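The values are calculated or read from the model by the stated rules, or taken from the named source; none is laboratory data. Given the structure is predicted, the values throughout are model-derived calculations rather than measurements. Backbone-built Cβ (ideal geometry, glycine too); neighbour counts: all protein chains shown. The area values use the complete protein model at the heavy-atom level, side chains included, leaving out ligands, DNA and RNA. Shrake-Rupley method; radii C 1.70, N 1.55, O 1.52, S 1.80 Å.
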Amino acid sequence: MQNPLPIHFAPLQGYTDAIYRQAHARIFGGVESYYTPFVRVEHGEIRRKDARELKPENNRGVHLIPQLIAPDVEKLEQIMTLFVQKGFKSVDINLGCPFPMLTKRHNGSGMLPYPDKVERLLTTAISRYPEVRFSVKMRLGWDDAEEALRLLPLLNGLPLSHVIMHPRLGKQQYKGNVNLQAFEAFYNECRLPLFYNGDLLTTDDIRSLTDRFPRLAGIMLGRGLLANPALALEYRQGQPLAPADKAERLSRLHAELFSQYAALLQGGDLQLLTKMKSLWEYLLPDADRKARKAIHKANRLDTYQLAVNGLLGTLR
């Protein structure tokens, strides 16, 4: 088997916040870099929460790469001012977000049909911040996979550290299958270090993909790592964790998240319960159905904790 590629943790709004990143890095690890959910300008300002999430004291033990999303140079510079103040030397530019509320304003994948806008955004970033290494996270296009191919001459000519490709169209959001044929066309012409992102849920998925595309420089995992927090570690070490070890780590992860969110959130038990239950939208989807149902039905923290303990007990 070839040497394992570096694993990068994809940004997922509402999930991969600073609390989650630190806990995951400490208890599971196996991840080269953690990317922040994109920072954006709203009503002329950057959200305080986004700025707080970037503080070094909130990301101990984590190699953090902040991500920005911007439809124009002015907003990019506003966000970059914050990133530079925080001392970041690597920044990812989001050209992949598929959510219509943002794409209709030419954010994320909504910018891909407009190569002139992409060129202005990227060339301005690179020229005005020479001390920063920029990467791009993108999709095949908004509604046409040729859009990414049309951008490749521009991308290949820029000193980007890497490109992360999620091989869906923006208009698909997360529906349907990834398009590996279109990804292969991009892969064949891309001269930059290329990372793959999208629908990798098991170590076999990762190995099958890297066998097919041996020149890949990295793998980015998102929902697969939220479902199995050990996935990066298991891939890197070449074998699964023992069931008892994995259950113990999951228990520690859950306990730390519960404690940290309880200290942060000010909305009482209901807010904390809602936050914790949201983890189970992805976590351990193949676990005992009855135990998962008990978690989702819990309407008090004590019944929630009992349900979680019951489910984790089935894993040992």
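Computing Rg and Dmax of the Cα atoms in Å directly from the structure and comparing it against (1) 19.8, 57; (2) 22.4, 72; (3) 20.6, 64 singles out (1). The residues of segment 4-92 expose on average 41 square angstrom of accessible surface per residue, using a 1.4 Å probe on protein heavy atoms. Here LYS246 is the anchor, and no lysines lie within straight C-alpha reach of less than 16 Å, apart from those fewer than 8 places off in the same chain.
Lysine pairs in segment 1-141 whose alpha-carbon atoms fall under 23 angstrom of each other, counting only those eight or more residues apart or on distinct chains, come to 18.
For segment 135-142, backbone phi angles converted through the Karplus equation (6.51, -1.76, 1.60; θ = phi - 60°) give residue-by-residue couplings of 10, 10, 10, 9, 10, 5, x, 7 Hz, Gly and Pro being listed as x. With a length cut of 27 Å (Cα positions projected on each helix's long axis) and a Kyte-Doolittle mean of at least -0.5, go through the chain and give me the DSSP H helices that pass. Those that clear 27 Å and a mean of -0.5 are 243-264. What shape does segment 236-303 take by its C-alpha gyration tensor, where a ≥ b ≥ c are the square roots of the eigenvalues and a/c under 1.5 counts as rounded, a/b above b/c as prolate, and the rest as oblate? Since a/c reaches 1.5 but b/c is at least a/b, the shape of segment 236-303 is classed as oblate. In the chain, the DSSP beta bridges split such that about 5 percent are antiparallel, to the nearest 5. Ignoring any ligand, DNA or RNA, what whole percent of the accessible area of the chain comes from carbon and sulfur when the probe is 1.4 angstrom? After summing per-atom areas, the C and S share lands at 49 percent.
Using a ≥ b ≥ c from the Cα gyration tensor of segment 111-151 (square roots of the eigenvalues), is it rounded, prolate or oblate, where a/c under 1.5 gives rounded and otherwise the larger of a/b and b/c decides, a/b for prolate? Taking the square roots of the gyration eigenvalues as a ≥ b ≥ c, segment 111-151 is prolate. Over all other residues within a Cβ to Cβ distance under 14 Å of GLY176, the charged ones net out to +2, with Lys and Arg as +1 and Asp and Glu as -1.
Within the listed set GLN22, GLN266, GLN67, the residue fluctuating most in the Gaussian network model of the chain (springs between alpha-carbon atoms under 10 angstrom) is GLN266.
From the square roots a ≥ b ≥ c of the eigenvalues of the alpha-carbon gyration tensor of segment 156-220, which class results: rounded (a/c under 1.5), prolate (a/b over b/c), or oblate? Walk me through the intermediate numbers first.
Values: a/c = 1.82, a/b = 1.23, b/c = 1.49.
The shape class here is oblate.
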